[in-house]
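Reading through the structure tokens given below for one structure.
The values are calculated or read from the model by the stated rules, or taken from the named source; none is laboratory data. Bear in mind that the values here come from a model prediction, so they are computed numbers and not experimental data. Ideal geometry is used to build each Cβ from the backbone, glycine not excepted, and the neighbour counts take in all protein chains shown. Please note that ligands, DNA and RNA were not included when accessible areas were found on the heavy atoms of the full protein model with its side chains. Shrake-Rupley method; radii C 1.70, N 1.55, O 1.52, S 1.80 Å.
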Amino acid sequence: MTLQDVVGQLPPESTQQAVGYPTLFLLVALGALVPVVPTGAVVSTAAVVALHQTAPLSVFFVFVVSASAAFLGDITLYWLGRRGVGSRNGSKWLEALRARAAPDRLEQAQRKLDDHSGTVLVLSRLVPAGRIPVMLACLMSRMPMARFARGDAPACLAWAATYGVIGILGGSLFDEPWEGVLAAVGLTLLLSGVPALWRRLRRWRRPPGRRSSGGQHA
């Protein structure tokens, strides 16, 4: 059975919406907590499906649900991290954040956070692999929860809008939803994978002395 056959057997729109929006919320919130869900691809896929539905506000609901779930996930993760910062024994969540943040990215985030905290928070969700280093930098600077939330809210809105637009563009190029899904997922993975590949290439081309000194400095 092909993907086209599967999409052709989808249930009615009302059933899709009743199941789809809660599922979208759970996947995005879970992806904000643990790196097991490609949340950008999930939002883009949901936007493609919504674009091909007859309900006029389907795409808007995808945007609202995605942004809300991302915000809830970020706030929960930040709260868990703050508990580790305030504890002498730390926490597994704080250690997990440190393990996911490259030392050079963390150092860069700390420098930028001192000068442009609001802008850095917004951009952190739009730059691939930028969210965790910035969040960890906020934790290490002991940024209050309220201040982090004020910066994270527009970041989540911008993030949901960006990947929603990717889904809309992918879905508008093709008549069949499954074709738009493939296009949107491919573009999302490309946008998230190219920067990481570029950083690895730059690190690989760096002279051995500079590589070791960077690691010792971290």
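Please tell me if A101 is open to solvent by less than 20 Å² (accessible area, probe 1.4 Å) and either under 21 Å from G31 (Cβ atoms) or of a type outside the set (G, A, S) (or both).
Values: open to solvent by less than 20 Å² (accessible area, probe 1.4 Å): yes; either under 21 Å from G31 (Cβ atoms) or of a type outside the set (G, A, S) (or both): yes.
Criteria met by A101.
So if I check each of K92, K112, which one is within 13 Å of C138 (Cβ to Cβ) and modelled with pLDDT under 90?
The unique qualifying residue is K112.
Taking the stretch 37-89 as the search range and keeping residues that are within 12 Å of the chain's Cα centre (by Cα) and open to solvent by 50 Å² or more (accessible area, probe 1.4 Å), which one is nearest to P144 (Cα to Cα)?
Going residue by residue through the stretch 37-89, those that are within 12 Å of the chain's Cα centre (by Cα) are 37-44, 66-67, 69-71, 73-74.
Filter once more, keeping what is open to solvent by 50 Å² or more (accessible area, probe 1.4 Å): 38, 71.
Working: P38: 28, F71: 16 Å.
Checked the stretch 37-89; the qualifying residue nearest to P144 (Cα to Cα) is F71.
Please state which of the following conditions T119 fails to meet, knowing it meets all the rest: (1) open to solvent by less than 70 Å² (accessible area, probe 1.4 Å); (2) polar (S, T, N, Q); (3) out of contact with any Leu (no Cβ under 8 Å at 6 or more places or on another chain).
(1)
Pairs, please: C-beta under 9 Å, at least 6 apart or cross-chain, first residue acidic (D, E) and surrounded by fewer than 17 Cβ atoms within 10 Å (Cβ to Cβ) and in the stretch 176-188, second at pLDDT 70 or above and not in a helix (DSSP H, G or I)?
Within 9 Å, the pairs are E176/H52.
So which pairs qualify, if the first residue must be in the stretch 128-144 and closer than 14 Å to I75 by Cβ, the second must be of a type in the set (S, T, N, Q) and modelled with pLDDT under 90, the Cβ gap must be under 6 Å, and the two must be at least 6 apart or on different chains?
R131/S124
Return a yes/no flag: does the stretch 150-164 have any residue that is over 23 Å from V42 (Cα atoms), touching a residue at least 24 places away in the same chain (Cβ under 8 Å) and open to solvent by less than 60 Å² (accessible area, probe 1.4 Å).
So far as the stretch 150-164 goes, yes, one or more of its residues are over 23 Å from V42 (Cα atoms), touching a residue at least 24 places away in the same chain (Cβ under 8 Å) and open to solvent by less than 60 Å² (accessible area, probe 1.4 Å).
Determine which single condition F61 fails, assuming it passes every other condition in (1) part of a loop (DSSP other than H, G, I, E, B); (2) touching a helix residue (DSSP H, G or I) at 6+ places or on another chain (Cβ under 9 Å).
Every condition holds for F61 apart from (1).
Restricting attention to the stretch 123-148, and to residues there that are surrounded by 17 or more Cβ atoms within 10 Å (Cβ to Cβ) and within 20 Å of V65 (Cβ to Cβ), which single residue is nearest to the chain's Cα centre (by Cα)?
That would be R125.
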